[in-house]
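Before any comments, here is the structure.
The values are calculated or read from the model by the stated rules, or taken from the named source; none is laboratory data. Since the model is a prediction, treat every value here as computed from it, not as a measurement. Counting neighbours? That spans all protein chains shown, and the Cβs are built from the backbone with ideal geometry, glycine included. The protein model used for the area step is the full one, side chains on, heavy atoms only, and it has no ligands, DNA or RNA in it. Shrake-Rupley method; radii C 1.70, N 1.55, O 1.52, S 1.80 Å.
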Amino acid sequence: AAMDPEKQIETRQAGFTYMAWNMGKIKAQVIDGSVEYNQQQVEAAANTIAAIANSGIGALFGPGTEQDIGDVHTRVDPALFENMQDVAQLAGNMGTAANTLAAKAATGDQSEIRMAFAEVGKTCKACHDKYRLD
Ligand code: ASC
């Protein structure tokens with residue numbers, strides 16, 4: 001049975017929030033240096049991002065999820081639902097970049113991780129710029 005629209009919105013937001021938390025861990029360790037680098041932690045974070053990015057999160061943008069439902073607010077641009085092919089490509093780019101980040105994280109090469117992290121961030125932003133409101 002398909003998840004109801006409200007639950008789809010909440011679940012996709014949970015996924016993106018969880019990715020963002022893991023992006024933040026990598027950023028702190030390899031970009032900002034505010035937290036000491038720990039290869040195992042960065043690798044786990046990258047693997048988590050890749051798993052979510054490749055989880056088929058697009059299935060949570062079903063009919064009825066293009067606008068707020070009661071207290072559940074979504075920033076999605078309704079235009080997303082008219083451009084699912086483009087969205088699938090953007091999502092695919094994120095999955096590919098996330099897989100590369102996971103592979104680099106496994107090597108422990110911080111310079112390579114830094115570059116791969118930036119590439120993942122670009123794929124997040126590409127979709128936000130096109131299909132996220134406010
Ligand atoms: C993150 C995060 C995003 C993206 C975006 C990249 O860490 O939470 O939404 O990267 O900021 O530009």
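Things to note:
- Scanning region 68-98 for residues being part of a loop (DSSP other than H, G, I, E, B) and surrounded by fewer than 15 Cβ atoms within 10 Å (Cβ to Cβ) gives a total of 6.
- Candidates G64, G24 - the one that is closer than 15 Å to A116 by Cα and either aromatic (F, W, Y) or surrounded by fewer than 18 Cβ atoms within 10 Å (Cβ to Cβ) (or both): G24
- Among residues of region 1-36, those that are of a type in the set (S, T, Y), without any contact (Cβ under 8 Å) to a residue 12 or more places away in the chain and within 13 Å of the ligand (Cβ to nearest atom), counted: 1
- Counted residues, region 99-117 - those being open to solvent by 60 Å² or more (accessible area, probe 1.4 Å), in contact (Cβ under 8 Å) with a residue 40 or more places away in the chain and either over 14 Å from Q39 (Cβ atoms) or not in a helix (DSSP H, G or I) (or both): 1
- Scanning region 27-53 for residues that are farther than 25 Å from R75 by Cα, in a helix (DSSP H, G or I) and open to solvent by 60 Å² or more (accessible area, probe 1.4 Å) turns up I31, D32, Q39, Q40, Q41, N47.
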